[in-house]
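So the structure is just underneath, and the comments pick up after that.
The values are calculated or read from the model by the stated rules, or taken from the named source; none is laboratory data. Since the model is a prediction, treat every value here as computed from it, not as a measurement. Reconstructed Cβ throughout: ideal geometry from the backbone, glycine too, with neighbour counts over all protein chains shown.
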There are 2 protein chains.
Amino acid sequence: MELIRTLTQMVHSLRARGIRRRVAVVCPKDSHTEYVIIRALREEIAEFLLVSDTADMEMAYHLRMASPDFVRVYEAETPDAAAALAVELVRTGEADILMKGLINTDNLLRAVLNKEKGLLPSGGVLSHVAVAQVPLYHKLLFFSDAAVIPRPTLDQFRAMIMADVALCRKLGSEQPRVALIHCTEKINEKFPHTISYVQLKEEALQGKFGSVFVDGPMDAKTACDAHSGQIKGLASPVVGNADIMIFPNIESGNTFYKTLSLFGDANMAGMLTGTIAPVVVPSRADSGNSKYYSLALACLAGNEPQNECL
Amino acid sequence: MELIRTLTQMVHSLRARGIRRRVAVVCPKDSHTEYVIIRALREEIAEFLLVSDTADMEMAYHLRMASPDFVRVYEAETPDAAAALAVELVRTGEADILMKGLINTDNLLRAVLNKEKGLLPSGGVLSHVAVAQVPLYHKLLFFSDAAVIPRPTLDQFRAMIMADVALCRKLGSEQPRVALIHCTEKINEKFPHTISYVQLKEEALQGKFGSVFVDGPMDAKTACDAHSGQIKGLASPVVGNADIMIFPNIESGNTFYKTLSLFGDANMAGMLTGTIAPVVVPSRADSGNSKYYSLALACLAGNEPQNECL
């Protein structure tokens, strides 16, 4: 499979392979969600199970009327009940993907994380992966975690790497290059994540993550700019050529996401991983394009197990 | 004074006002340092006291030969002795600014932080301020801390705000707008810096930082993009219009710096604050332009006390 280098190519790839996923949407009530649904129907990458609450079914019925063959509607008493029902549709295999509409993220996540009836397997690690298409970079950049895990533990770092590597492979990268981000190359006990990085590199050499390159600590520029690496005398398959960036904490991951999307003129996609199916939780300030690409990314990730690199 | 909106304007302002600072350079031995010195001499914003070690004086003498009226040379036995001597020149008032050449940053900082003979006043807080000129932003962006303080305490946050506000005023901002950065707007005990932010906003209202606006927590995009603020229903003088961004930890500050400079096509300047005179410590991977603008920024900051907003 050829490496997918842009988010548009990602959509083309879905269409060329005839992949059309079933997406359960919780509370489709806002114009952004409507835009994503209509565009996905038009570009034939998804069909929809729209789950909303009795008080506000208008948009759901309207969308069904326009595309009766590809839209089904489900009614629940409350938004929370809609979330629980949509999660149930994914659990029973009637839907491949869960997507958030106009419902509070915390309420949606409560249904996703419900121990008996949710989507996270026992012992699973919920994390967020973002994919950025940046004009000044030569390929897509995958990174974690801008949204979910505040201070990753060693186990959480492992899960993030596995999920991101699995996704990166689905976009055609045979040997993903993983940069473990810090502000310098120095390993320092004052920064416990740099100690975790040493362990993760060791595990990568032992084959724990499959065929990958893992290197770090290094700063965000060194990971993506060969010239910076040369100046610092660093040489590795990762330096200047990262596919995946693992950030040490949520503040740095979130800052990378926001800075790229605002000042890097980037198009972004993102989804939750670790669950039995992809979960799409668009951020309010994301562009319509980003929200659509997030759904397309989830369609590509599909409903196979996430950690297939093992 | 008119607001300076670009780094080029900053240099023009220095020249228009006839400001010419005396800069002590430690170990001028590399082509980057040479470039900065020659350009500053040509643009008449500085004169130089070049301090190097006996083993490698060549570049220093060469520069003096080319500009005998504006370059003096000092010889020390070792690079560490050169650092100590340059610091002494600043302490005694013979130089206004300290600048790093080809010497390990840790070794230079040891001289700067020496308790008896260094440049940090008792109780002072050493921090780093960066100034970014980003094509997609309408003015210069000041931010801390990308380089020095790992996890700012409340006192360190205060010192960072004071130093950045003082510098921002020197570039013509009468009422700097300070954004306290986090990944969301939520105040949360799991993130102690968000609790510090509440206190800092209270102190700002009490006038502790002079005439400023301080707001947060907010994410990096909300600080600089009015549209994001609107979507989130946030309104304040800071949202979408920040002059200064205070980051919660060094990983997020450093990520902002590196991402802007690599993917935001930004020109950067930076210096250390809290010391009795500005200290310029260019990063290896910075461009020649960035290194020159860092010196110009320090020239503008001058040798007056840093915390004049009090």
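Among the listed residues B:Ala147, B:Ala130, identify the single one that is more than 15 Å from B:Tyr293 (Cβ to Cβ), assigned by TED's automatic domain parsing to the domain that holds B:Val239 and aliphatic (A, V, I, L, M). Matching residue, one of B:Ala147, B:Ala130: B:Ala147.
Any idea which of A:Ala60, A:Ala86 is touching a Pro at 6+ places or on another chain (Cβ under 7 Å) and of a type in the set (Gly, Ala, Ser)? Sole residue among the options that is touching a Pro at 6+ places or on another chain (Cβ under 7 Å) and of a type in the set (Gly, Ala, Ser): A:Ala60.
The listed residues are A:Pro237, A:Pro278, and the only one of them that is surrounded by fewer than 24 Cβ atoms within 10 Å (Cβ to Cβ), of a type outside the set (Phe, Trp, Tyr) and touching an Asp or Glu at 6+ places or on another chain (Cβ under 9 Å) turns out to be A:Pro237.
Residues of the range A:87-102 that are crowded, with 24+ Cβ neighbours inside 10 Å and farther than 19 Å from A:Leu297 by Cβ: A:Val87 alone.
Of the helices (runs of 4 or more DSSP H) lying entirely inside the range A:1-83, those carrying at least 1 residues that are under 23 Å from the mean Cα position of the chain (by Cα) and over 27 Å from A:Ser261 (Cβ atoms) are A:7-16. Residues considered: A:Gln199, A:Gln206. Of these, the only one that is over 23 Å from the mean Cα position of the chain (by Cα) and within 28 Å of A:Leu3 (Cβ to Cβ) is A:Gln206.
Just one of the numbered conditions (1) closer than 17 Å to A:Asn249 by Cβ; (2) hydrophobic (A, V, I, L, M, F, W, C); (3) assigned to a loop (DSSP other than H, G, I, E, B) is not true of B:Leu180: (3).
With respect to B:Asn114, determine if the residue is modelled with pLDDT under 95, surrounded by fewer than 20 Cβ atoms within 10 Å (Cβ to Cβ) and out of contact with any strand residue (DSSP E or B) (no Cβ under 7 Å at 6 or more places or on another chain). When the stated conditions are applied, B:Asn114 does not pass them.
Within this structure, A:Lys186 fails the test of being away from chain B (no Cβ under 11 Å) and either part of a loop (DSSP other than H, G, I, E, B) or surrounded by fewer than 21 Cβ atoms within 10 Å (Cβ to Cβ) (or both).
Let's see how each residue does on (1) within 30 Å of B:Thr92 (Cβ to Cβ); (2) polar (S, T, N, Q); (3) under 15 Å from the mean Cα position of the chain (by Cα):
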position: B:Leu260; (1), (2), (3): no, no, no
position: B:Asp265; (1), (2), (3): no, no, no
position: B:Ala269; (1), (2), (3): yes, no, yes
position: B:Ile276; (1), (2), (3): yes, no, yes
position: B:Lys291; (1), (2), (3): yes, no, yes
position: B:Ser294; (1), (2), (3): yes, yes, yes
